[in-house]
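These notes are about the structure you will find just below.
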Amino acid sequence: MSIFLVKLIFIYIVFIVAIKILGKSALAQLTPHDFGAILFLSYLAFGSIKVNGVTEGIIGIIVITGVHLVISKLSLLNWLNPFIIGKPTILVKHGKIVYKNLRKNRYPLSELLSSLRTARYPDIQDIEYAILEATGEISILPRKELVPVTPKDLHMKVEYHGFPIAVVIEGKVQKRNLKLINKNEEWLKQELKAKGYHQIKDIFYASVRDTDHSLNINTFDISD
């Protein structure tokens, strides 16, 4: 049993290291070869361990869960975090691509351009910083003059219109949500009747704003 556990932990760690070596781009958007590599690594890593019976299987699950929790705890330490989680990498700086960082992280230029276009910044010169996070995601910081203006920038006071809470979903009353606004099913029925809806089963979706308790109603429309 002890040999089994040692093999299990060792191969699990080797697998994590192998995924890390694949690079951040493999974690961001799986291309066919990224997916294939991860799939084959999983098969080769854990296919090499023979599990004898349910008992070893359960023990293996418990051990791997424990190792995962230990690694998660260690990642909270500042001096270990860069080795376990990784560090962010600047891919675009002041409107210019940092080629050496792209090459170091094996991050395709086409994928970077695609991420910028998705964020509605097709021109690299509009980007102050584009940062490849440890998770494989891209954080994009545009130039200050291109940052959308907010009401706060204009010193405008914005009125809160309330949060819509679903009270009917596919003809069924959401009693728990009604309690959130201190209302009951009887109140809902009265409000619906006042708007000309007599059968809750005919309502596809209805929501109530938590401020003024106004109703928004959508019925089953079979004409579309």
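For the reader, a short list of remarks on this structure follows.
- Where chymotrypsin sites (Phe, Trp or Tyr not before Pro) fall in DSSP loop in the stretch 49-141, at most 14 other Cβ within 10 Å: Trp79
- Computed over the chain: relative contact order in percent, which uses C-alpha pairs under 8 Å that are six or more apart: 15
- Folded to 0 to 90 degrees: helix 2-22 orientation relative to the chain principal axis, Cα: 80
- When semi-axes √(5λ) of the Cα gyration tensor in Å is calculated for this entry, the matching label among [x] 36, 18, 15; [y] 38, 21, 11; [z] 47, 33, 18 is [z].
- In the stretch 94-153, the trypsin sites (Lys or Arg not before Pro) that fall in loop regions by DSSP, at most 14 other Cβ within 10 Å: Arg106, Arg120, Arg143, Lys152
- Under-5 Å amide H pairs with Val98, H placed in peptide plane, nonlocal only: Val92, Lys93
- Between helix 185-194 and the chain: long-axis angle, C-alpha atoms, 0 to 90°, nearest 10: 60
- Expressed as a whole percent, the accessible area of the chain that falls on carbon and sulfur atoms is 61 (1.4 Å probe).
- Cα long-axis angle, helix 32-47 against the chain (0 to 90 degrees, to the nearest 10): 70
The values are calculated or read from the model by the stated rules, or taken from the named source; none is laboratory data. Quick caveat: nothing in here was measured; it's all calculated off a predicted structure. Neighbour counts are summed over all protein chains in view; Cβ atoms, including those assigned to glycine, are modelled from backbone coordinates with ideal geometry. Heavy atoms of the whole protein, side chains included, go into the accessibility calculation; ligands, DNA and RNA do not. Shrake-Rupley method; radii C 1.70, N 1.55, O 1.52, S 1.80 Å.
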